[in-house]
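Working notes, beginning with the structure itself.
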Amino acid sequence: MDHFEHRAGVLHCEDVPLDRIAQAVGTPAYVYSTATMVRHARVMQGAVAGCGTGDPLVAYAVKANPNAAVLKVLCEAGLGADVVSIGEYRRARAAGIAPERIVFSGVGKTEAEMAEALAGGLLQFNAESMEEARMLSAVASEQGRVAPVGFRINPDVSAGTHAKITTGTADNKFGIAAAGAMTAYAEAATLPGLKVQGITVHIGSQLVSLDPLQAAFRRVGELIGALRAQGHDIGIADLGGGLGVPHGPGQPEPPSPEAYGAMVRQVTADWHTRLLFEPGRLIVGNAGVLLTRVVRVKPGVRAPWLIVDAGMNDLMRPALYDAYHRIEAVRPSGKRATVNVVGPVCESGDTFAMDREMDDVAAGDLIVFRTAGAYGATLANSYNSRPLTPEVLVDGDRWAVVRQRIDVDSLAAVAEPEWR
Ligand code: LLP
């Protein structure tokens, strides 16, 4: 459920009509609903409540939407953070997320990133290779500290999602192969700078079936048993993120968080570990829209081209993953039309939808791309010298710009080169 709905013929985000925001801020602009984010956080927390030993931790995957105001809302809603760079670590901390609620994932952590996160404090590094674990041990020893660590297992399970957002097969760079896990833990246990305490898995994103998740978790469960038999003290199992969100009618319906929680409860019943979760999209995906204006409608051979003022640089997901985003008029007339929706960027990939049946709109009208709260603004860039899209947060009947539009002048401003 989200808080975007038509009232008196105008699409609102909570109590704010979207045309009011467009008028004040201009387009394109991302608009987020606080109530929706908070609701999703509660739903996820509720779905996994009581799973595992101790309190489960829902560590929001910051990469989905790292906006400072968004992180603050989620911190207040009780979420921790899954970060993949020191930039994300700093943002999480700046938003108030406590160190003991932060896990650090990613295959390419540098020495400097490890050193800063370790000194600042965190719950766990999720190590993705033995090479990384050795480096982490050295960094920790240098600081006279011991780094809490879990290995990310690559279970070689196909997530059944788009190839570019699958992470748990042998062809993906992530984690260590399950077959090599025992050797890795054995060596890690001998390294002076490490406290080996956990195990983690994340097999992909926008998953619409529980089966691959269940298969991956079973693999983790087997390893926990085998590792304990070898004397390793595994107290934390981090089950990653990946649960898909509904994109609208005609699109694959993902399992509910409740069904996910029930599956987790069943699979992990005899693990006796604390459980961590790293949802990103589930929390913010349907809490955001990209608000854009129709520049013009150009006749096409098969269907008219609806050219909008947002481009692939503002919302990359259709170009990158052939992603579907529901498109709605802010003031629907009730009439429908079949069109191709494209941006102004000079690439054919700058296509949001082909042959899409949607609200009939004309030049000057406002439309939204739904489900744009996750992996939207954070992936945006300024290709074609287009400004960086602003972000707006709505909370009830008030709203605020939480990232200014970065205009072309500032993007283009270069000091005189300092030749060396
Ligand atoms: N944990 C780890 C280690 C991850 O790599 C990711 C996402 C997550 C958690 C959160 O996954 P989620 O719950 O959001 O599915 N840009 C792509 C998605 C890339 C996901 C990368 N990793 C998209 O727009 O679909």
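The values are calculated or read from the model by the stated rules, or taken from the named source; none is laboratory data. Fair warning: this is a prediction, and the values are worked out from it, not measured in the lab. Heads up, the Cβs are rebuilt from the backbone with ideal geometry, glycines too, and the neighbour counts pull from every protein chain shown.
Scanning the stretch 168-207 for residues that are in contact with an Asp or Glu (Cβ under 6 Å, 6 or more places away or on another chain) and more than 16 Å from the ligand (Cβ to nearest atom) returns a single hit, Ala170.
In this structure, Gly240 qualifies as in contact with a His (Cβ under 9 Å, 6 or more places away or on another chain) and in a loop (DSSP other than H, G, I, E, B).
To keep it simple, each residue is scored yes or no on (1) in the same structural domain as Gly261 (by TED's automatic domain parsing); (2) in contact with a strand residue (DSSP E or B) (Cβ under 7 Å, 6 or more places away or on another chain); (3) over 30 Å from Met312 (Cα atoms); (4) small (Gly, Ala, Ser).
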site: Arg20; (1), (2), (3), (4): no, no, no, no
site: Thr27; (1), (2), (3), (4): no, yes, no, no
site: Ala49; (1), (2), (3), (4): yes, no, yes, yes
site: Gly52; (1), (2), (3), (4): yes, yes, yes, yes
site: Gly78; (1), (2), (3), (4): yes, no, yes, yes
site: Ser85; (1), (2), (3), (4): yes, no, no, yes
site: Ala95; (1), (2), (3), (4): yes, no, no, yes
site: Thr110; (1), (2), (3), (4): yes, no, yes, no
site: Phe125; (1), (2), (3), (4): yes, yes, yes, no
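Filtered by the rule that a residue be within 12 Å of the ligand (Cβ to nearest atom), assigned to a loop (DSSP other than H, G, I, E, B) and of a type in the set (Val, Ile, Thr), the stretch 138-167 gives Thr161, Thr167. Of all residues in the stretch 361-387 being more than 25 Å from the chain's Cα centre (by Cα) and either crowded, with 17+ Cβ neighbours inside 10 Å or aliphatic (A, V, I, L, M) (or both), which is nearest to the ligand (Cβ to nearest atom)? By that ranking, first place goes to Leu366.
So if I check each of Gly108, Gly54, Gly78, which one is within 15 Å of the ligand (Cβ to nearest atom) and surrounded by fewer than 24 Cβ atoms within 10 Å (Cβ to Cβ)?
Only one candidate passes the filter, namely Gly108.
For the condition under 26 Å from Glu5 (Cα atoms), in contact with a Leu (Cβ under 9 Å, 6 or more places away or on another chain), modelled with pLDDT of 95 or more and within 16 Å of the ligand (Cβ to nearest atom), Met316 qualifies.
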